[in-house]
Amino acid sequence: MNPRMESDAQAPAAPRSRRLHDLARAVLALFTGHPPEVRNRIKFVLLSPIYDVFYRLVPIDPHREIARRLPPGTRRVLDLCTGTALVPAVLAERAEMFVVGLDLSPEMLAMGRAKLTRAGRLEAALVRADAGRLPFRDGSFDAVTVSFGLHELPTAVRERAAHEAARVLRHGGTLVVADLDRPPRLGWLVDAYLRIGEPAHAREATGDGLARLLRAAGFAVEREGPRGAVPMQVLVARPGARSGAGPGL
Ligand SMILES: C[S@@+](CC[C@H](N)C(=O)[O-])C[C@H]1O[C@@H](n2cnc3c(N)ncnc32)[C@H](O)[C@@H]1O
């Protein structure tokens, strides 16, 4: 396959004046909260060096949960909001897979690239782009995955990303999403985290918010809600197929 992509690996280094301009915008955004992509840059500049440690401390492994829900025969996968390439790192263990990880944050991608290189997983490609405007042709992928990414996107970008995922999936392809949700036990902890640690739009992704979003973008959705104290939902969605509700995780 040959999906058209714009890799940041080919982008020339930004001149000093451009970097100062970016920094000024970042400082402005820190005080105003806008625009969202600048706030995202600041958040993940700070988190990128320690990001992977988080998954060693929590009782969830969304990346393997996603991997085991991909149908047999899946070869070409696009991982949206890939961050430090945790999903590509798992999928690239399978020799037959061609994985593209896409993210807005160059710092998260740099951590991911270093990790994939250390592990010798050079088949996975990482691309800097917006999940709401995918630089790929229609029907380029067998599967699209998103792990803990959709709650980060502002509402309008999240809606565009859902439509874009449907567009780049081949006929009969699969979208697998894992994201934060309020579990039956210790739900108050997730509530507190959402209030303190995330922008207000992140709350739209909990409960059946993501299932509704995907259905509005033309997907049939099966959702496994959180169980026990595990703060995660998993959705398996297919453009235009039969819809249903699955058991808890
Ligand atoms: C919480 S991290 C999730 C990282 C990883 N997928 C995981 O499983 O932990 C969210 C990621 O979404 C990225 N992101 C936020 N807005 C984005 C956008 N509009 N397009 C692409 N990526 C975006 C952030 O840069 C960040 O790396």
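What do you reckon, is Val90 more than 13 Å from Val146 (Cβ to Cβ) and either surrounded by 14 or more Cβ atoms within 10 Å (Cβ to Cβ) or within 12 Å of the ligand (Cβ to nearest atom) (or both)?
Numbers: more than 13 Å from Val146 (Cβ to Cβ): yes; either surrounded by 14 or more Cβ atoms within 10 Å (Cβ to Cβ) or within 12 Å of the ligand (Cβ to nearest atom) (or both): yes.
Criteria met by Val90.
In a residue-by-residue description of the range 13-28, the property of being within 16 Å of the ligand (Cβ to nearest atom), within 24 Å of Ala85 (Cα to Cα) and modelled with pLDDT under 90 applies to no position. Listed conditions (1) surrounded by fewer than 17 Cβ atoms within 10 Å (Cβ to Cβ); (2) within 13 Å of the ligand (Cβ to nearest atom); (3) part of a loop (DSSP other than H, G, I, E, B) are all met by Glu159, apart from (3).
Please find, among His163, His151, His171, the residue that is out of contact with any strand residue (DSSP E or B) (no Cβ under 9 Å at 6 or more places or on another chain) and touching a residue at least 12 places away in the same chain (Cβ under 8 Å). Step through it out loud before you land on a result.
On the way: His151 fails: out of contact with any strand residue (DSSP E or B) (no Cβ under 9 Å at 6 or more places or on another chain); His171 fails: out of contact with any strand residue (DSSP E or B) (no Cβ under 9 Å at 6 or more places or on another chain).
Checking each option against the conditions leaves just His163.
Residues in the range 182-202: is at least one among the aromatic types (Phe, Trp, Tyr) and either in a strand (DSSP E or B) or not assigned by TED's automatic domain parsing to the domain that holds Pro72 (or both)? Checking the range 182-202: not a single residue is among the aromatic types (Phe, Trp, Tyr) and either in a strand (DSSP E or B) or not assigned by TED's automatic domain parsing to the domain that holds Pro72 (or both).
Within the group Arg238, Arg242, which residue is touching a strand residue (DSSP E or B) at 6+ places or on another chain (Cβ under 9 Å), farther than 15 Å from Phe148 by Cα and at pLDDT 95 or above? Break it down stepwise before answering.
Values: Arg242 fails: at pLDDT 95 or above.
None of the other options fit; the residue is Arg238.
Each residue in the range 131-146 was checked for being away from the ligand (no atom under 12 Å from the Cβ) and in a loop (DSSP other than H, G, I, E, B), and 5 of them qualify. Within the range 36-74, the residues that satisfy the criterion of being among the hydrophobic types (A, V, I, L, M, F, W, C), within 10 Å of the ligand (Cβ to nearest atom) and buried (at least 16 other Cβ atoms within 10 Å of the Cβ) are Phe44, Leu47, Ile60, Ile66. If the condition is being under 17 Å from Val99 (Cα atoms) and in a loop (DSSP other than H, G, I, E, B), then the range 163-181 contributes no residue at all. In the range 221-243, is there at least one residue being in the same structural domain as Gly101 (by TED's automatic domain parsing) and on the phi > 0 side of the Ramachandran plot? Yes: one or more hits.
Whenever a residue of the range 74-86 is assigned by TED's automatic domain parsing to the domain that holds His171 and among the aliphatic types (A, V, I, L, M), its partners that are within 7 Å of the ligand (Cβ to nearest atom) and part of a loop (DSSP other than H, G, I, E, B), lying with C-beta atoms within less than 7 angstrom and at least six residues away or across chains, give the pairs Leu80/Ala131; Leu80/Gly149.
Go through (1) surrounded by fewer than 22 Cβ atoms within 10 Å (Cβ to Cβ); (2) in a strand (DSSP E or B) for Gly101 and report which single condition fails. With (1) surrounded by fewer than 22 Cβ atoms within 10 Å (Cβ to Cβ); (2) in a strand (DSSP E or B) applied to Gly101, the lone miss is (1).
Just one residue in the set Glu107, Glu93, Glu123 is over 22 Å from Leu180 (Cα atoms), part of a helix (DSSP H, G or I) and among the acidic types (Asp, Glu); that residue is Glu107. Filter the range 165-194 down to the residues that are more than 24 Å from Val144 (Cα to Cα) and within 16 Å of the chain's Cα centre (by Cα) and list them by number. None; the set is empty.
Counting the residues of the range 112-130 that are touching a Phe, Trp or Tyr at 6+ places or on another chain (Cβ under 9 Å) and more than 16 Å from the ligand (Cβ to nearest atom) gives 1.
The values are calculated or read from the model by the stated rules, or taken from the named source; none is laboratory data. It should be emphasised that the depicted structure is a prediction, and the values quoted were computed from it without experimental measurement. Counting neighbours? That spans all protein chains shown, and the Cβs are built from the backbone with ideal geometry, glycine included.
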